[in-house]
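Trainee: Quick one: this structure, given as structure tokens, is what I'll be asking you about.
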Amino acid sequence: AIRRTFGSAAAIQRCQIHKARNIMERLPKQHHAATRRVLRQAWELDDADKAEKLIRNLARRLDQQWPGVAASILEGLDEILTVVRLKLPKELRRSLACTNIAENM
């Protein structure tokens with residue numbers, strides 16, 4: 001609907017918190033901390049290409065044992081990195097990277 005209304009150049013940011021939750025729901029608990037760490041590290045980078053590379057490497061490492069998790073990580077990858085690609089100030093990223101106002105405080 002957004003792209004239909006505003007065109008194909010419209011920037012869409014998917015909620016990083018919900019993305020992380022969806023990934024964790026499918027991953028054994030002992031892998032949660034390391035996976036969250038990589039996701040956070042990627043989302044905090046100023047270089048979108050490096051962030052994408054980190055996330056793709058994470059998916060590649062998990063793909064052997066948990067292909068569904070790897071697919072979930074890669075699904076919508078561009079849209080979870082929109083705030084990084086736009087080179088927004090870190091102060092704005094936290095608010096715009098999540099759709100729930102209570103979660104981005």
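The values are calculated or read from the model by the stated rules, or taken from the named source; none is laboratory data. What you see is a predicted model, and the numbers here were worked out from it, not measured in a lab. Using ideal geometry, Cβ is built from the backbone for each residue, glycine included, and neighbour counts are taken over all protein chains shown.
Trainee: Here is a list: Leu92, Leu86, Leu45. Which entry is surrounded by 15 or more Cβ atoms within 10 Å (Cβ to Cβ), out of contact with any strand residue (DSSP E or B) (no Cβ under 9 Å at 6 or more places or on another chain) and not hydroxyl-bearing (Ser, Thr, Tyr)? Steps first, answer last, please.
Mentor: Values: Leu92 fails: surrounded by 15 or more Cβ atoms within 10 Å (Cβ to Cβ); Leu86 fails: surrounded by 15 or more Cβ atoms within 10 Å (Cβ to Cβ).
Of the residues listed, the single one that is surrounded by 15 or more Cβ atoms within 10 Å (Cβ to Cβ), out of contact with any strand residue (DSSP E or B) (no Cβ under 9 Å at 6 or more places or on another chain) and not hydroxyl-bearing (Ser, Thr, Tyr) is Leu45.
Trainee: Just name the residue that is surrounded by the most Cβ atoms within 10 Å (Cβ to Cβ) out of those in segment 2-27 that are free of Cβ contacts under 8 Å to residues at least 24 places away in the same chain and under 16 Å from Gly68 (Cβ atoms). Can you show your working first?
Mentor: First pass over segment 2-27, keeping only residues free of Cβ contacts under 8 Å to residues at least 24 places away in the same chain: 2-10, 20-21, 24-25.
From what is left, the residues that are under 16 Å from Gly68 (Cβ atoms) are 20-21, 24-25.
Numbers: Ala20: 18, Arg21: 11, Met24: 16, Glu25: 9.
Per the stated criteria, the residue is Ala20.
Trainee: What are the residues in segment 28-39 that are surrounded by 12 or more Cβ atoms within 10 Å (Cβ to Cβ) and over 15 Å from Ala70 (Cβ atoms), if any?
Mentor: Once the filter is applied, which keeps residues that are surrounded by 12 or more Cβ atoms within 10 Å (Cβ to Cβ) and over 15 Å from Ala70 (Cβ atoms), segment 28-39 yields His32, Arg36.
Trainee: Looking at segment 1-52, which of its residues are in a loop (DSSP other than H, G, I, E, B) and touching a Lys or Arg at 6+ places or on another chain (Cβ under 6 Å)?
Mentor: Kept after step one, since they are in a loop (DSSP other than H, G, I, E, B), are these residues of segment 1-52: 1, 7-15, 27-28, 45-47.
Across segment 1-52, the qualifying residue is only Ala10.
Trainee: Tally the residues that are assigned to a helix (DSSP H, G or I) and closer than 17 Å to Glu25 by Cβ, restricting the search to segment 56-72.
Mentor: First, pick out the residues of segment 56-72 that are assigned to a helix (DSSP H, G or I): 56-63, 67-72.
So of that shortlist, the ones also closer than 17 Å to Glu25 by Cβ come out as 58-59, 62, 67-72.
So the count comes out to 9.
Trainee: Look at Val69 and say whether it is of a type in the set (A, V, I, L, M), surrounded by 13 or more Cβ atoms within 10 Å (Cβ to Cβ), within 14 Å of Arg14 (Cβ to Cβ) and at pLDDT 90 or above.
Mentor: Details: of a type in the set (A, V, I, L, M): yes; surrounded by 13 or more Cβ atoms within 10 Å (Cβ to Cβ): yes; within 14 Å of Arg14 (Cβ to Cβ): no; at pLDDT 90 or above: yes.
No; evaluated as a whole, the condition is false for this residue.
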